[in-house]
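Asker: If you scroll down you'll find the structure; I have some questions about it.
The values are calculated or read from the model by the stated rules, or taken from the named source; none is laboratory data. Remember, predicted model here, so these are calculated numbers, not experimental data. Virtual Cβ from ideal backbone geometry, glycine too; neighbours counted across all protein chains shown. Ligands, DNA and RNA are excluded from the accessible area calculation, which covers all protein heavy atoms including side chains. Shrake-Rupley method; radii C 1.70, N 1.55, O 1.52, S 1.80 Å.
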Protein chains: 4
Amino acid sequence: LISVGVIGYGYWGPNLVRNLTTTDGVRVVSIADRAPKRLELAARRYPELRCSLDAATVLDDDEIDAVVIATPISSHYALGRHALTRGKHVLLGKPLARSLEEAEELTALAGENGSVLMVDHTPVYAGAILKMRELIEAGSLGDLRCIDSVRVNRGLLQRDVDVIWDLAPHDLSILMYLFGCEPESVAVVGADPARLGRTSLAYLTFWFPDGAIAHVHVNWLSPVKLRWMLVAGSDRMVVFDDIEQSEKLRVYDAGVTVDPLSGLVDARRGDMTAPRLDTTEALATECVHFIDCIHRGAEPVTGGRAGVSVVRVLEAASRSLRQSGSRVPV
Amino acid sequence: LISVGVIGYGYWGPNLVRNLTTTDGVRVVSIADRAPKRLELAARRYPELRCSLDAATVLDDDEIDAVVIATPISSHYALGRHALTRGKHVLLGKPLARSLEEAEELTALAGENGSVLMVDHTPVYAGAILKMRELIEAGSLGDLRCIDSVRVNRGLLQRDVDVIWDLAPHDLSILMYLFGCEPESVAVVGADPARLGRTSLAYLTFWFPDGAIAHVHVNWLSPVKLRWMLVAGSDRMVVFDDIEQSEKLRVYDAGVTVDPLSGLVDARRGDMTAPRLDTTEALATECVHFIDCIHRGAEPVTGGRAGVSVVRVLEAASRSLRQSGSRVPV
Amino acid sequence: LISVGVIGYGYWGPNLVRNLTTTDGVRVVSIADRAPKRLELAARRYPELRCSLDAATVLDDDEIDAVVIATPISSHYALGRHALTRGKHVLLGKPLARSLEEAEELTALAGENGSVLMVDHTPVYAGAILKMRELIEAGSLGDLRCIDSVRVNRGLLQRDVDVIWDLAPHDLSILMYLFGCEPESVAVVGADPARLGRTSLAYLTFWFPDGAIAHVHVNWLSPVKLRWMLVAGSDRMVVFDDIEQSEKLRVYDAGVTVDPLSGLVDARRGDMTAPRLDTTEALATECVHFIDCIHRGAEPVTGGRAGVSVVRVLEAASRSLRQSGSRVPV
Amino acid sequence: LISVGVIGYGYWGPNLVRNLTTTDGVRVVSIADRAPKRLELAARRYPELRCSLDAATVLDDDEIDAVVIATPISSHYALGRHALTRGKHVLLGKPLARSLEEAEELTALAGENGSVLMVDHTPVYAGAILKMRELIEAGSLGDLRCIDSVRVNRGLLQRDVDVIWDLAPHDLSILMYLFGCEPESVAVVGADPARLGRTSLAYLTFWFPDGAIAHVHVNWLSPVKLRWMLVAGSDRMVVFDDIEQSEKLRVYDAGVTVDPLSGLVDARRGDMTAPRLDTTEALATECVHFIDCIHRGAEPVTGGRAGVSVVRVLEAASRSLRQSGSRVPV
């Protein structure tokens, strides 16, 4: 049994605790949160767990093998460093850290200690994304040409970051998982039309190798919630709509090809198929993967390296934003 | 009765003829198209009309008061110039011309001759867009802050232009109609992932006065068709979905405001209302407006000046595209 | 060339004329309508056609080979009889007649004269319905077990019939086309909640051979329009949603089976496929079929026999309605 | 604090426990379930609760004030009787009992003992249904004319009852809550197309006073899940779609009226409004109501009398089903 302590029981922490308590091979032993109200709620729901207002109680507990950190981004580095230094395995919220330097240091530390470091890029573990990767690897889509992603939320604003660092890590982790590599360059346009004091909607364009392109629209201000992704290959296209209750993934036997001799364009359109998806909660799959990596001493799919990549691209994105949207290398 | 001649009976021409033949005060007298097959179809449907393979037959016909031109963009200038020189009123396809210089010359010519020059920016005349403008003018939305527009098509590629000059004129005419002015600057990212030899998907960002922003996604390559627009004001937000069969417009009593003292953010969400819309075909409304402007000697809503504005912004967009997406003034 | 005359240019007539004028091998020569306003509209759109206020002008015209009748139900019998007596081929609106006796007389008359008699059960010729029949015939669905059909309209009330005789012929023609036979019995519940003086919403249940069942909900009073059909076989199920702009047909690899020994139930659910459909307008396909049957001397898919079946079931439905919904044999 | 014991931790029980543990004024003290596997799961999630394989441990526990029963229908009567005899307040699953006689006995017993008896007709407490009732009571819809309800599920078959006793209690409790009375008569058609050995799809028609009518389609066999309700009044109509993530309720300013003198029909259609709904989980609202009724000694909205009404109508429905669908009084 892996003994786990959880730090942070705010918006996302309860989902982690709920999933960890039903993951085979896991024993959740303690929860820490600075806010007495949140801790009280945790204690009420899980009277058998040790609860503490002080994260150090968890971090310094020798009984604990792994620490799960669900706190605001600004605290990721210090808490992660503390945990890794004490030899714990760590599952950290996204993004891994506020800067590339911090992210790389955490990853190096995990390497030295032989600890598993995983970043909580939850959407990567959703059945629809796993299936998309499967289709791409099987060659079903042909060459990956472009991805358009829309992540439009209703009023869940973060205090310590802008919308790019808050929402785009989801899209970035998915994009790099599907493309299998980092983008080469990025251009970002942002705005703060509601005068919130920080970027609240942004459009990010990423150039991937071989002329492939990806575009991401993240937005805190919409009255409607959208989670939409178009993945176009040379042979097939996939539309992912996370708001749909069923048939979240639709694979279109459709493509646009140009005859190299005549230059004539042929737009083909055949059947559409909505493959059956694994409906396991993404976070449950992720927790199982975390424990499995600890046992095997393996690098998680969204391990330190993936976490570093996301932060590297986020830094480039912020750089482009400051340079009025000009395209910058990653 | 206004006698009308139509040039071009390809994809869009039949819609124009169909609407003109049922517009009060109009008598369609002739149709011209270079392609014998298209002309034959026209002759079969409208045996009473004069049909010709030569546009000049229409342009030089003294009986004709107004000429409607539905040909590829590259021919707009020459045909429009010919018609205006002969003193005809002209309804021209979008965009008005291939260059700002040509567009301005046509507009000047119309002004000198006292002819009505109108550009066929059809979507502006749709019930949903007219209603949106009405809501904005009545102050229902508060200050206009941002517009996000998605125009994703299935495989109707143009031969003589890229996707920006083909599809973005629709969005641009709507944006300027809603904002009541031109954007100040523009940044454009484009790609040709299917190797068609010209930009087939593009993301355009427009900065309007007072920090308002608009973003447009135009795309020829999608397996699904999308016509979607989010219009966010400080007090209310509107979602326009043209694929919906009814309730194309949804007005959300929603807004995000920040308290100037505390800095606290308040995301409000109330009822949603889908106002009843005028379901008249946009093109029918447009035809009535054209004839009405001829009778009143008035400038159409999408007259020469609006047409010039669209071309000016398209030129700036192409400029930004060539400069790898950097922001350029309009 | 088959010379065709059209009687009735009200709601549906214009669609017939529009499709007939573009059907190969057809020459529309005349239109008749009692209402001067409608005739004027026809004359304006088709100045080359002969127009008349008197149906007899069309019916007695020796030049005319086939008569298409798009008038209220109450006139079907008299007009159809007149046309068949004059040796014309006849395409009649649905349902074929007001009574089984009249319907059978028209069919017999056509048989004696060697005329083609076809009933305008348009939906049978839609790409989605043709594909459904194809799937059933290929055995893809397994045994046909039940069909649930919802046909809910917005405010297009007929004056001379109730909602059953107005809308249910559509569902009945589809049901019999898919099952390949008539239902054995029927039970009908109806209501007139808006006090219109005739049944404006009704629920019809049909029992088909081998325990299969079909249910139809027809309704004039809904604020939303629904055209929905669930077709369940032992192996696969199909959902048809005519309001969808694309993917009108979704085939679910799903079934519920019971193990004969253990009695345990197994609910299987696999992929969903939306097959590509022929998007030709149903009425165009129907017009081609009419002309083809005339040339081949063949019985149309929705010929006199199918028309008689529909009327026979409608009569049984009305009988059940009068007997407070008890199940009556067809 | 009200001490609560829960009997049954199968499909629905976990939802009850989860909501009860966060209801103010409630202390859940014990759970009983016959199945060791289910009990083990409960013990793991709630290590502080007493767990027992024997319901009597809960029923006979003097410390317990209220018993919540989430077991198969066949056990409702015996368990409910035992609990009421011991002076407990009782929240029982739906329907209250297998027969009217049993239901009435339980209700009488609760009355004699001064215990609160509530039936778990959860959907009545959903924000959308509460809002619908509010609109009806405020007169917004005019006279209630007809309700059409579709409850189509995917493969959750019950073993001890048919689809009518399993799913229709939901619709019935809603119908009676909205109409404020019982139906006068009922006619039911059912089928077992998948040969499950019991009715797996059924169509129920209910006649309410003043000519109002309601129709319910319940179905275990559909590949898609539908929860749809059309509520038509003389002035406005409401569409409730529970599958929608937002805007579950749409109020149409639409009506069909007939001029009493001319007999002319007028179909009016204005704006649509989607009122903001209380998004509290229905079961949470229900738990609060249960505790509140205990404190006030009040009859719950879905108390014994409502529970008896539902069972009375279900019995009439089964009677109609046996009589091949003929209309029977309730």
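Asker: With A:L91, A:L49, A:L59, A:L84 as the choices, which residue is aliphatic (A, V, I, L, M) and modelled with pLDDT under 95?
Answerer: From the options A:L91, A:L49, A:L59, A:L84, the qualifying one is A:L49.
Asker: Within segment A:114-157, restricting attention to residues that are within 16 Å of the chain's Cα centre (by Cα) and part of a loop (DSSP other than H, G, I, E, B), which residue is nearest to A:V239 (Cα to Cα)? Give the derivation first.
Answerer: Of the residues in segment A:114-157, the ones within 16 Å of the chain's Cα centre (by Cα) are A:117-130, A:132-133, A:149-153.
Checking which are part of a loop (DSSP other than H, G, I, E, B) leaves us with A:120-121, A:126.
Numbers: A:D120: 24, A:H121: 21, A:A126: 15 Å.
Among residues in segment A:114-157 that are within 16 Å of the chain's Cα centre (by Cα) and part of a loop (DSSP other than H, G, I, E, B), the one nearest to A:V239 (Cα to Cα) is A:A126.
Asker: Now a separate question. Which one is modelled with the highest pLDDT, of the residues in segment A:268-283 that are at the interface with chain B (Cβ under 9 Å from one of its Cβ atoms) and surrounded by fewer than 17 Cβ atoms within 10 Å (Cβ to Cβ)?
Answerer: We begin by selecting, within segment A:268-283, every residue at the interface with chain B (Cβ under 9 Å from one of its Cβ atoms); these are A:268-269, A:272.
Applying the additional criterion that residues be surrounded by fewer than 17 Cβ atoms within 10 Å (Cβ to Cβ) yields A:268-269.
Details: A:R268: 69, A:R269: 76.
Residue satisfying both the conditions and the ranking: A:R269.
Asker: Of everything in segment B:20-49, what is within 12 Å of chain C (Cβ to nearest Cβ), polar (S, T, N, Q) and open to solvent by less than 20 Å² (accessible area, probe 1.4 Å)? Give them in sequence order.
Answerer: Within segment B:20-49, B:T23 is the sole residue that qualifies.
Asker: Name the residue that is nearest to A:L204 (Cα to Cα), counting only residues in segment B:167-186 that are within 14 Å of chain A (Cβ to nearest Cβ) and open to solvent by 10 Å² or more (accessible area, probe 1.4 Å).
Answerer: Here is the first cut: in segment B:167-186, the ones within 14 Å of chain A (Cβ to nearest Cβ) are B:179, B:183-186.
Filter once more, so that each one left must be open to solvent by 10 Å² or more (accessible area, probe 1.4 Å): B:179, B:184-185.
Working: B:F179: 24, B:E184: 21, B:S185: 18 Å.
Among them, the one singled out is B:S185.
Asker: Out of the residues in segment D:129-144 that are in contact with a helix residue (DSSP H, G or I) (Cβ under 8 Å, 6 or more places away or on another chain) and within 14 Å of chain C (Cβ to nearest Cβ), which is surrounded by the fewest Cβ atoms within 10 Å (Cβ to Cβ)?
Answerer: D:D143
Asker: Still on this model: Tell me, yes or no, whether segment A:120-128 has at least one residue that is over 18 Å from A:F290 (Cα atoms) and open to solvent by less than 30 Å² (accessible area, probe 1.4 Å). So that I can check it myself, show each step before the final result.
Answerer: Narrowing segment A:120-128 to residues over 18 Å from A:F290 (Cα atoms): A:128.
Remaining after also requiring open to solvent by less than 30 Å² (accessible area, probe 1.4 Å): A:128.
Yes - at least one qualifying residue is present in segment A:120-128.
Asker: Now a separate question. If a residue has to be hydrophobic (A, V, I, L, M, F, W, C) and at the interface with another protein chain (Cβ under 7 Å from one of its Cβ atoms) to count, how many in segment D:206-232 make the cut?
Answerer: Initially, segment D:206-232 is screened for residues hydrophobic (A, V, I, L, M, F, W, C), giving D:206-208, D:212-214, D:216, D:218, D:220-221, D:224, D:226, D:228-232.
Those left that are additionally at the interface with another protein chain (Cβ under 7 Å from one of its Cβ atoms): D:212-213, D:221, D:224, D:230, D:232.
Going through segment D:206-232 one residue at a time, the tally reaches 6.
Asker: In addition: Please work out which one of (1) in contact (Cβ under 8 Å) with a residue 24 or more places away in the chain; (2) open to solvent by 20 Å² or more (accessible area, probe 1.4 Å); (3) of a type outside the set (K, R) is the condition D:W220 fails and give its number.
Answerer: Looking at each condition in turn, D:W220 falls short on (2).
Asker: Give the residues of segment C:170-200 that are on the phi > 0 side of the Ramachandran plot and either modelled with pLDDT of 95 or more or of a type in the set (G, A, S) (or both), sorted by residue number.
Answerer: Correct list: C:G180, C:G197.
Asker: Turning to a different aspect of this structure: Being at the interface with another protein chain (Cβ under 7 Å from one of its Cβ atoms), open to solvent by less than 10 Å² (accessible area, probe 1.4 Å) and under 18 Å from A:L314 (Cα atoms) is the filter here; which residues of segment A:188-202 pass it?
Answerer: Listed by number, the list holds a single entry, A:L201.
Asker: Which residue is farthest from the chain's Cα centre (by Cα), if the candidates are limited to segment C:205-226 and must be at pLDDT 90 or above and under 22 Å from D:V224 (Cα atoms)? Working first, answer last.
Answerer: Taking segment C:205-226 as the starting set, the residues that turn out to be at pLDDT 90 or above are C:205-209, C:212-219.
Restricting the remaining residues to those that are under 22 Å from D:V224 (Cα atoms) gives C:205, C:212-218.
On the way: C:T205: 18, C:A212: 21, C:I213: 19, C:A214: 16, C:H215: 16, C:V216: 14, C:H217: 15, C:V218: 14 Å.
Looking at the filtered set, the residue picked out is C:A212.
Asker: Residues of segment B:61-90 being in a loop (DSSP other than H, G, I, E, B), touching a residue at least 12 places away in the same chain (Cβ under 8 Å) and open to solvent by 20 Å² or more (accessible area, probe 1.4 Å), which ones? I'd like the intermediate steps shown before the answer.
Answerer: Our first condition is that a residue be in a loop (DSSP other than H, G, I, E, B); within segment B:61-90, this holds for B:61-65, B:70-72, B:86-88.
After this cut, where a residue has to be touching a residue at least 12 places away in the same chain (Cβ under 8 Å) as well, the list is B:61, B:63-65, B:70-72, B:86-88.
B:D61, B:E63, B:D65, B:A70, B:T71, B:P72, B:R86, B:G87, listed by residue number.
Asker: Might you check whether a residue that is modelled with pLDDT under 95, surrounded by fewer than 16 Cβ atoms within 10 Å (Cβ to Cβ) and not polar (S, T, N, Q) occurs anywhere in segment A:316-323?
Answerer: Within segment A:316-323 (the criterion being modelled with pLDDT under 95, surrounded by fewer than 16 Cβ atoms within 10 Å (Cβ to Cβ) and not polar (S, T, N, Q)), the answer is yes, since at least one residue qualifies.
Asker: Related question: For residues in segment D:316-326 being part of a loop (DSSP other than H, G, I, E, B) and in contact with a Gly (Cβ under 8 Å, 6 or more places away or on another chain), which is farthest from D:P123 (Cα to Cα)? Show your work before the answer.
Answerer: Initial filter on segment D:316-326 (part of a loop (DSSP other than H, G, I, E, B)): D:323-326.
From the residues that got through so far, the ones that are in contact with a Gly (Cβ under 8 Å, 6 or more places away or on another chain) too are D:325-326.
Numbers: D:G325: 27, D:S326: 29 Å.
Ranking the candidates gives D:S326 first.
Asker: Considering only residues that are more than 8 Å from every other protein chain (Cβ to nearest Cβ) and open to solvent by less than 10 Å² (accessible area, probe 1.4 Å), which ones fall in segment C:233-242? Reasoning before the result, please.
Answerer: Taking segment C:233-242 and keeping what is more than 8 Å from every other protein chain (Cβ to nearest Cβ), we get C:233, C:235-236, C:238, C:240-242.
Residues satisfying the conditions are C:G233, C:V238.
Conditions tested, residue by residue: (1) in contact with a helix residue (DSSP H, G or I) (Cβ under 6 Å, 6 or more places away or on another chain); (2) assigned to a loop (DSSP other than H, G, I, E, B); (3) touching a residue at least 60 places away in the same chain (Cβ under 8 Å).
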site: B:Y9; (1), (2), (3): yes, yes, yes
site: B:P14; (1), (2), (3): no, no, no
site: B:V17; (1), (2), (3): no, no, no
site: B:S30; (1), (2), (3): yes, no, no
site: B:A42; (1), (2), (3): no, no, no
site: B:P47; (1), (2), (3): no, yes, no
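Asker: Here is a follow-up. Those residues that are outside any helix (DSSP H, G or I), open to solvent by 40 Å² or more (accessible area, probe 1.4 Å) and of a type in the set (A, V, I, L, M, F, W, C), I need them from segment B:284-315; list them, please. If you could, list the steps in order and put the result at the bottom.
Answerer: Quick first cut of segment B:284-315, residues outside any helix (DSSP H, G or I) only: B:297-303.
Right, trim to open to solvent by 40 Å² or more (accessible area, probe 1.4 Å) and you get B:297, B:299, B:301.
Selection gives B:V301 alone.
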